[in-house]
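Okay, so here's the structure we're looking at.
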Amino acid sequence: MSCPPPTQRKRPAIFSYCSDPASLEGFQWLSCYLTTGKHMAFYVSFGTVLLLLAITAPLALAFGFFGASAARSRVLPLSLFGKGYIAIVRGVPDIAFFLFFVIALDQGIEWLRHKVKCPGWDEPIRQGNDFLVCQIAKMPLNDSPQWVHEVYGFSLAVLTFAIVFGAFAANVLFGAMRAVPRAQMETAEAYGMTPRQSFWRVLVPQMWVYALPGLSNLWMVLIKATPLLFLLGVEDIVYWARELGGSKTARFTDYPHGDWRMWYFLALLLFYLAFTKLSEIVLERITRRLSHGQATVAGEAQRKGQAKGAAA
Amino acid sequence: MKSLLLGSAALALSASFAMADTIRLGTEGAYPPYNFINDAGEVDGFERELGDELCKRAELTCEWVTNDWDSIIPNLLSGNYDAIIAGMSITDERKEVVAFTQGYTLPSPSAYAAMAEGVDVEGGVVAAQAATIQAAHVAETGATLVEFPTPDETVAAVKSGEVDAVLSDKDFLAPIVEESELIFLGDVYLGGGIGMAFRQSDDELRGKFDAAIASMKEDGTLNDMLDKWEIEGKF
């Protein structure tokens, strides 16, 4: 029933000589400094960012695909829903959306659980400034371990990112669907394909090449938007860089240092630059592959290049 | 938890009692000696030790959560954690939104620190952490207030010459002044001591912690802890 005792100045014993950092210098000091538990948390947070991107990108693409399909639907309510989604989310500043949506979503989920799990509750949910639901409606439960809280916060962040970037992706895909030459669709219809068949067999395979420039742009913006995680209470690389870089006095750490934020943020800058560069290379390859056999300028150039190669 | 007693469903009631024992404590983790993140990446400091002891006395299981100072009160109100224990001074303004326990430190001096003697703290440019009693005080004097989200950035601003002086808790500045070229200029007494903050609807939980703080004051353990972390003022 009691709290765990406070653990003070515990070090991971990665290097045996780290037991007395004050006596160390140069490289040895640095190797100890860079392997403290706090730094480990910093390194792990890079993984958090990459994980966010890995989950958010396909999810946003899915949101975008459904948004675009809905927007071009012939069913009016569906089309209005799709267009409304694109217009509203694209029109609201990211930060406002992030701050509003996460709180609203969190309280909305708790309110729904509260309605289901505590039907006998007779007190108002809002008392003055407080938002109160019964204990078992809490999301996550109060006694869940900290990692559950973190995963829940992270999931909210992923969902919010996916909704925001999904709207942009929807707009890109909507445009891409319309960019597929009309003649292609007419040909499909002439072969007797139903609208559904021609959508899936002709339109969708061909639209990606038109969507790619817009989508690759979005991917870049998404990478750069990950520091917003910090706003959502997820301890990401920006949080740790600021925490680790701040000046430390000898009373509270074994590794006192001055204001090193510049170096930590420089490291972040390099990380983001390297990551976007890598993305550019990969996207370049995907573009080349998607253009293959397409009735576009790039596809045509590839075809001619191949023909020339064969002739020579 | 008071509201729990009023709940009618017996099953829900018994289930909730078993769960209500885990209390989430919210802190900033950037304000030594009160609270900070140690080398191992865990919450540490005077309030960590105090909070753990209080939970032991109140027979509660406690979990530590860190949160940005700026949103520390809103996140308490929306139920992300159950109490704030983050060097928060008891003020009338804050009492309008949250409920405080009795103070576990005496009203402690805040102090101005600068790079040189003779800085005009009433007319110059002074840094303070946003949404603190120090920021409110600077705004009341004739000085130009520059706010920063974390305490560390206020100190960095003085060192870089961006501002003339910083106003912060003296206990926070003391170790920094000791180790750098900063000097103290003068003290001001602000606020009514530091207390734990709860949701206003959470009287029962607040009562438990209040009683625990009182018992620590009585047997002198609180004074020992204040001594250990070199915080001014004894009960």
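Observations on the model:
- Looking at B:Gly191, B:Gly186, B:Gly195, just one residue is of a type outside the set (A, V, I, L, M), more than 22 Å from B:Ala139 (Cβ to Cβ), out of contact with any Leu (no Cβ under 9 Å at 6 or more places or on another chain) and more than 10 Å from every other protein chain (Cβ to nearest Cβ), and that residue is B:Gly195.
- Check on B:Asp187, surrounded by fewer than 18 Cβ atoms within 10 Å (Cβ to Cβ) and outside any loop (DSSP other than H, G, I, E, B): yes
- Options B:Tyr104, B:Tyr112; residue that is over 30 Å from A:Ile103 (Cβ atoms), aromatic (Phe, Trp, Tyr) and in a strand (DSSP E or B): B:Tyr112
- Residues of region A:206-256 that turn out to be in a loop (DSSP other than H, G, I, E, B), within 9 Å of another protein chain (Cβ to nearest Cβ) and charged (D, E, K, R), as a count: 3
- Taking the criterion of being in contact (Cβ under 8 Å) with a residue 24 or more places away in the chain and either surrounded by fewer than 21 Cβ atoms within 10 Å (Cβ to Cβ) or closer than 19 Å to B:Glu232 by Cβ (or both), the residues of region B:94-104 that qualify are B:Arg94, B:Val97, B:Ala99, B:Gln102, B:Gly103, B:Tyr104.
- Among residues of region B:148-164, those that are more than 21 Å from B:Val177 (Cβ to Cβ) and away from chain A (no Cβ under 14 Å), counted: 0
- Filter result for B:Ala128 (small (Gly, Ala, Ser), more than 14 Å from chain A (Cβ to nearest Cβ), assigned to a helix (DSSP H, G or I) and under 17 Å from the mean Cα position of the chain (by Cα)): no
- Contact map, region A:176-192: first residue among the polar types (S, T, N, Q), second residue part of a helix (DSSP H, G or I), Cβ cut-off under 7 Å, separation 6 or more or different chains; pairs are A:Gln184/A:Val202; A:Gln184/A:Gln206.
- One residue from B:Leu173, B:Leu145 being in contact with a strand residue (DSSP E or B) (Cβ under 9 Å, 6 or more places away or on another chain), aliphatic (A, V, I, L, M) and away from chain A (no Cβ under 14 Å): B:Leu145
- Qualifying residue in region B:150-172 (condition: more than 14 Å from B:Trp69 (Cβ to Cβ) and either aromatic (Phe, Trp, Tyr) or touching a residue at least 60 places away in the same chain (Cβ under 8 Å) (or both)): yes
- Within region A:73-128, being within 21 Å of A:Leu156 (Cα to Cα) and of a type in the set (Phe, Trp, Tyr) holds for A:Tyr85, A:Phe97, A:Phe98, A:Phe100, A:Phe101, A:Trp111.
- Positions within region B:28-66 being in contact with a Ser or Thr (Cβ under 8 Å, 6 or more places away or on another chain), in a loop (DSSP other than H, G, I, E, B), over 23 Å from A:Ile136 (Cα atoms) and within 8 Å of chain A (Cβ to nearest Cβ), in sequence order: B:Gly29, B:Pro32, B:Asn38, B:Asp39, B:Ala40, B:Gly41, B:Glu42
- The test for being on the phi < 0 side of the Ramachandran plot, of a type in the set (Ser, Thr, Tyr) and without any contact (Cβ under 8 Å) to a residue 60 or more places away in the chain holds for B:Ser180.
- In the set (1) in a loop (DSSP other than H, G, I, E, B); (2) free of Cβ contacts under 8 Å to residues at least 24 places away in the same chain; (3) farther than 17 Å from B:Val188 by Cβ, B:Gly123 fails one condition alone, (3).
FYI, it's all coordinate maths here, none of it is from the lab. It should be emphasised that the depicted structure is a prediction, and the values quoted were computed from it without experimental measurement. No Cβ is skipped: glycine too gets one built from the backbone with ideal geometry, and neighbour counts run over all protein chains shown.
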